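Trainee: What follows is a structure written as structure tokens; I'll ask about it next.
The values are calculated or read from the model by the stated rules, or taken from the named source; none is laboratory data. The shown structure was predicted, so the numbers you read here are calculated from the model rather than taken from an experiment. Note: ideal-geometry Cβ built from the backbone for every residue, glycine included; neighbour counts use all protein chains shown. In case anyone asks, the SASA skips ligands and DNA or RNA and just uses the protein heavy atoms, side chains included. Shrake-Rupley method; radii C 1.70, N 1.55, O 1.52, S 1.80 Å.
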Amino acid sequence: MASGRPKPAKATPDSAVALLRIYRQAGMSMARCPIRDVLDGIGSKWSTLLLMTLAERTHRFGELRRAVPDISQRMLTQTLRDLQRDGLVRREVLPTLPPSVEYSLTPLGRTLLEPLALLVHWADSHHAAIRAARSAFERKAA
């Protein structure tokens, strides 16, 4: 649906709201919304961390595991598989003994880096305010 509409010159909060409104007016449920479909795949903390790590360079599985030490092997495997399925990450099996595997961003994955960088910088800039809000919320809830 989105490919048939002209894209705004610059993505803004208003243009994002307008896009959601168009989907709703077309009778699309939020469960089937293309935006939700894409964000489900890239919106997890693991996806974000792995995409930003792969933005640096190609990595082997073990390097990714060390770069994100609190991710389980199962979650790392699943997240990489999901990113690969979505066309954002490339998996290459190298002809070595034993075989080794390298992961890199695809051209499509690279297009995600700019908007992802904006979110990463926003999170860094607003971390203290978020932590303060959480503390205030917890104090009121107690």
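Trainee: From the list Glu63, Glu102, exactly one residue is in contact with a strand residue (DSSP E or B) (Cβ under 8 Å, 6 or more places away or on another chain), modelled with pLDDT of 95 or more and either part of a loop (DSSP other than H, G, I, E, B) or surrounded by 12 or more Cβ atoms within 10 Å (Cβ to Cβ) (or both). Which is it?
Mentor: Testing whether each residue is in contact with a strand residue (DSSP E or B) (Cβ under 8 Å, 6 or more places away or on another chain), modelled with pLDDT of 95 or more and either part of a loop (DSSP other than H, G, I, E, B) or surrounded by 12 or more Cβ atoms within 10 Å (Cβ to Cβ) (or both) leaves just Glu102.
Trainee: Right, here's the next one. Closer than 25 Å to Asp124 by Cβ, modelled with pLDDT under 85 and open to solvent by 60 Å² or more (accessible area, probe 1.4 Å) - does that describe any residue in the range 3-22?
Mentor: There is at least one residue in the range 3-22 that is closer than 25 Å to Asp124 by Cβ, modelled with pLDDT under 85 and open to solvent by 60 Å² or more (accessible area, probe 1.4 Å).
Trainee: Let me ask something else. Taking only the range 105-127 into account, find how many residues are among the aliphatic types (A, V, I, L, M), over 17 Å from Glu56 (Cβ atoms) and open to solvent by less than 80 Å² (accessible area, probe 1.4 Å).
Mentor: 1
Trainee: Confirm whether Leu119 is touching a residue at least 40 places away in the same chain (Cβ under 8 Å), under 16 Å from Gly41 (Cβ atoms), assigned to a helix (DSSP H, G or I) and within 15 Å of the chain's Cα centre (by Cα).
Mentor: Spelling it out, Leu119 is indeed touching a residue at least 40 places away in the same chain (Cβ under 8 Å), under 16 Å from Gly41 (Cβ atoms), assigned to a helix (DSSP H, G or I) and within 15 Å of the chain's Cα centre (by Cα).
Trainee: Condition test on Thr79, is it polar (S, T, N, Q) and buried (at least 17 other Cβ atoms within 10 Å of the Cβ)?
Mentor: Yes, satisfied.
Trainee: Still on this structure: Is it true that Arg90 is out of contact with any Asp or Glu (no Cβ under 8 Å at 6 or more places or on another chain), open to solvent by 60 Å² or more (accessible area, probe 1.4 Å) and in a helix (DSSP H, G or I)?
Mentor: no
Trainee: Would you confirm whether any residue within the range 38-55 is touching a Phe, Trp or Tyr at 6+ places or on another chain (Cβ under 8 Å) and open to solvent by 40 Å² or more (accessible area, probe 1.4 Å)?
Mentor: For the range 38-55, residues touching a Phe, Trp or Tyr at 6+ places or on another chain (Cβ under 8 Å) and open to solvent by 40 Å² or more (accessible area, probe 1.4 Å): absent.
Trainee: Can you give me the number of residues within the range 66-76 that are within 21 Å of Ala123 (Cα to Cα) and either open to solvent by 60 Å² or more (accessible area, probe 1.4 Å) or of a type in the set (Val, Ile, Thr) (or both)?
Mentor: Selection size over the range 66-76: 4.
Trainee: Which residue out of Ile35, Ile22, Ile71 is aliphatic (A, V, I, L, M) and not in a helix (DSSP H, G or I)?
Mentor: Ile71
Trainee: Taking the range 68-78, which residues are farther than 14 Å from Glu102 by Cα and out of contact with any Leu (no Cβ under 6 Å at 6 or more places or on another chain)?
Mentor: Once the filter is applied, which keeps residues that are farther than 14 Å from Glu102 by Cα and out of contact with any Leu (no Cβ under 6 Å at 6 or more places or on another chain), the range 68-78 yields Pro69, Asp70, Ile71, Ser72, Gln73, Arg74, Met75, Gln78.
Trainee: I've got another one for you. If the requirement is being free of Cβ contacts under 8 Å to residues at least 40 places away in the same chain and over 16 Å from Leu54 (Cβ atoms), which of these qualifies: Leu108, Leu80, Leu97?
Mentor: Matching residue, one of Leu108, Leu80, Leu97: Leu97.
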